[in-house]
1. At 37 °C and a viscosity of 0.692 mPa s, what translational diffusion coefficient does Stokes-Einstein give for region B:206-283, taking Rh as the Kirkwood radius over Cα pairs? Give it in µm²/s as a whole number.
2. Let's test the formula: R0 of 25 Å, r as the Cβ-Cβ distance of A:L17 and B:D190. What FRET efficiency results, to the nearest 0.05?
3. How many angstrom separate the Cα center of region A:104-156 from the Cα center of region B:313-372?
4. Report relative contact order for region A:53-151 in percent, whole number only (criteria: Cα-Cα under 8 Å, sequence separation at least 6).
5. For region B:243-272 and region B:161-211, what is the centre-to-centre distance using only Cα atoms, to the nearest Å?
6. Residues with amide H under 5 Å of B:R334's amide H, sequence separation 5 or more or different chain, H placed in the peptide plane at 1.01 Å from N; which?
7. Rounded, prolate or oblate: which fits region B:64-371 when a ≥ b ≥ c are the square roots of the eigenvalues of the alpha-carbon gyration tensor, with rounded for a/c under 1.5 and prolate only if a/b beats b/c?
8. Distance between Cα centroids, region A:1-50 to region B:50-118: provide it in whole Å.
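Derivation of every value follows stated rules applied to the coordinates shown; laboratory data play no part. Just so it is clear, the model here is predicted, and its values are computed rather than measured. Glycine also receives a Cβ, built like all others from the backbone with ideal geometry; neighbour counts cover every protein chain displayed.
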Amino acid sequence: MFIVDYIKTVYSTCKSLLSGMRLTGYYFFHHKEIITEQYPDVKAVMAERFRGEVVMTHDEKNEHRCTGCTACELACPNATIKIVTKQELQPDGKKKKALETFVYHLELCTMCNLCIVACPTDAIKMAQTFEHSVYDRSQLTKKLNAPGSKLMEGVE
Amino acid sequence: MQYEEIATTEEGNLVINVGPQHPATHGVMHLVITMNGETILNVEPHLGYIHRSIEKMCESLSYRQFIYSTSRMDYLSSHINNHGCALAVEKGLQIEVPERAKVIRILMDELTRIASHVLWWGAMAMDVGALTPFFHAFRERELINDIMEETCGARLTMNYMVPGGVMTDLHPNFVKKVKEFVAFFRTKIDEYDTLVTYNVIFQERMKNVGVISAADAVSFGCTGPVLRACGVKSDIRKLAPYDGYEKLNFEEPLETAGDSYARYLVRMRELRESLSIIDQLIDNIPEGDFQAKTKAVLKLPKGEFYSRVETARGEFGVYIISEGGLTPYRIHFRSPGFANLSCLNHIAKGQKIGDLVAMMGTLDLVIPDIDR
């Protein structure tokens, strides 16, 4: 009886190994099912909602929608955003708070999307970039409002 | 090496350090193993190499902000961790979550569970010496990651579940893509079985290795597939259903052997159960809001709030103590990985050193989940 069991074990072992090898062989001869992307030559297209980094939208007249309300700064869990405001003189003589610099620390950002949700004027959005590596850490601190840009009319 | 330089105990037993940087521990964990020849006498896990004090950090974050950090604990079931936190906050604020949000949450949870188990399957096979399954596993996981990326905007740390619902509505392609994935993945599970499950070498390495009895597993606090492999019903989705799991028709996979192979089989059957849950829901996503109306600033009333969910590894609990302020007074996370690790010494005693990595593989440890 020992011999019969022994032969049965050998048979089932060989069968299971060969069926696994058969599957591997199938993929060996079916190159179309290989899905590897050649990364540096072929760049992946990220989904439209992909959260790569925070950017501020500007229109063709170099105007943004940020009022400097600091809602995003308060919503951020990591102190990624720092908003510097200035007092701007309005045409009617009144002073009004306006955005001076929108400082964004990419090195602290965890892409949690809370600032985008918090923004009442849709001034910032997520960009689909993903190659963020730089040689120096200080290059990751960015100023998001373009030089010379000002608040879009009608955005309160 | 001179004999004197080999670390030994007083009885002459060999002491070996595995880790903190070791490919088989899947993270930075340090195991101090005392051995007599090849037989393990004692395994002592040393933790703390990836401790980020997430619990303390959460005390200075508001109830909207702290959820993102739980994605970084058990990063393979980040949706489910976020779900647990959202449930605890909703319990405190007594928010009624819209039906659509509930269904979206369950769909995301189950997709995450599949992605986690698939990755575990690949890593498990790699632990016992088979390299090919890892690439098969990553091919399928990539499809789930693409679905997540399209709807949630991130591939690993989503921060998609917010108090009151989910952050954004489903992407228009979501239903189509999930259906394609489910049909595709059903054929691939059979391939997994052919490659690994029925492989006699694999079975010989898993059967009767790392056996734990049901009573021991309960007393060590094991949950999830580790406990279910001993035949104990412990699925939170069945015991304390949340967000509409009670309406679904699914089985809780149970095995009785309690060895490594039983833990393996439980997870493989859970993959099929998750697919059937997705099948039941994907055509019946109700219309409506994806998020309940909540105040801009969330303030939990004074008191203690606890919620628990079933992650891919076991029971995940969120315990919030609130003093009525903007931030929690104390948050504690009951993570499944920590409790499951505690039984490693028990199951490894008397076994051979070669089986240790296989045993750790079936416990499905995620080190950031253990250390927090």
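1. Numbers: Rh = 13.1 Å.
Here the translational diffusion coefficient equals 251 µm²/s.
2. Working: r = 17 Å, r/R0 = 0.70.
Calculated transfer efficiency: 0.90.
3. With region A:104-156 and region B:313-372 each reduced to a Cα centre, they are spaced 36 Å.
4. Details: 162 pairs, mean separation 39.3, N = 99.
Result for region A:53-151 is 40 percent.
5. When both Cα centres are located, 13 Å separates them.
6. Those lying under 5 Å, H to H, from B:R334 are B:G317, B:V318, B:Y319.
7. Numbers: a/c = 2.07, a/b = 1.38, b/c = 1.50.
Here region B:64-371 falls in the oblate category.
8. 35 Å
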